[in-house]
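The values are calculated or read from the model by the stated rules, or taken from the named source; none is laboratory data. No experiment lies behind these values; they were computed from the predicted model shown. No Cβ is skipped: glycine too gets one built from the backbone with ideal geometry, and neighbour counts run over all protein chains shown. The protein model used for the area step is the full one, side chains on, heavy atoms only, and it has no ligands, DNA or RNA in it. Shrake-Rupley method; radii C 1.70, N 1.55, O 1.52, S 1.80 Å.
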Amino acid sequence: MTLVETIDKVVAWLNTNVCGQITLKLPDDATNDADYGVKYVNPAAFPLYVPGKDRLPPSATAPIPSVCVQFMEGSDDLLEHRRQLQIRLCLSCWNPGEHSGEIYNPRENEEALGGYSYYLDEETAQTYTRNMEGWRDSFNFADMVLRTLESTEYLDGLRLVKEAGIKYGLFTEEGNIWDYYPYWHNWISFTLESGVATVKIPEAYEDFL
């Protein structure tokens, strides 16, 4: 399986199994106070890079909220015909504060994918509060991805190497957590495994083997 095929398969898997299961706030940097009519959209999955607004594919509403699939490192065991690839997911969302009763809250639900469903808190007062609580959306997003990964053995034919574990965390710069309020980011990394195609030895070299 080629590297391009691997990245495309992970993006497709995320679109099918994760992105459609959660909605997050659609960014509006021009209006992020009480006048903002909160709009929720499903996050988009992108390969390698998050595109700018002028380069969005037709299927994506906005660059954020999104999950970006990045290939970090790979290794091929030529004797065992086995390939392992380190994948990092970069999760991004936008939330400047609490917009009245538009807050989605997680609730344990054994029947829901990942063990949680999300509901609106309709009893919240109709007010807007600017705060730094947007990280909760970011971590709710991460929790959904983690639970889905942890209950998965194969991503469209690619084995999730569970013995290597899953790592996750916040982006940092010089030891400090990124602060790009009202944008929130975190990452998840894991290892995938696939077969390596047998390479035919060129005839010109067969006499030397």
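Key figures for this structure:
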item: Square roots of five times the Cα gyration tensor eigenvalues for the chain, Å; result: 39, 18, 15
item: Linear extension gain, Leu48 paired with Asn176, 0.36 nm per residue minus alpha-carbon span; result: 43.7 nm
item: Helix 135-150 axis, angle to the chain major axis (alpha carbon atoms, nearest 10°); result: 40
item: Cα-Cα pairs of the stretch 1-97 separated by more than 16 Å (percent); result: 61
item: Full-stretch length increase - Glu163, Asp143 - with 0.36 nm per residue and alpha-carbon distance subtracted; result: 5.2 nm
item: Positive-pole candidate from Ala164, Ser151, Val4, dipole of the chain, charges at beta carbon; result: Val4
item: Coil-residue GluC sites (Glu not before Pro) of the stretch 9-101, DSSP, other Cβ within 10 Å capped at 10; result: Glu80
item: FRET efficiency, 1/(1 + (r/R0)^6) with R0 45 Å, evaluated for Glu80 and Met132 via beta carbons; result: 0.40
item: Principal-axis tilt of helix 3-17 within the chain, Cα atoms, nearest 10 degrees; result: 40
item: Beta bridge orientation in the chain: antiparallel %, DSSP, nearest 5; result: 90
item: Accessible carbon and sulfur surface of the stretch 20-113 relative to its total accessible area, %, 1.4 Å; result: 44
item: Per residue accessible area in Å² of the chain, where ligands, DNA and RNA are left out and the probe is 1.4 Å; result: 60
item: Debye-sum result for the stretch 148-195 in log10 I(q)/I(0), which assumes one identical scatterer on each alpha carbon, at q = 0.21, 0.23, 0.25, 0.28 Å⁻¹; result: -0.76, -0.81, -0.88, -1.01
item: Of Lys9/Lys167; Lys53/Lys162; Lys25/Lys162, those spanning more than 25 Å from alpha-carbon to alpha-carbon; result: Lys53/Lys162; Lys25/Lys162
item: Phe171 long-range amide H proximity, modeled H, under 5 Å; result: Trp178, Trp187
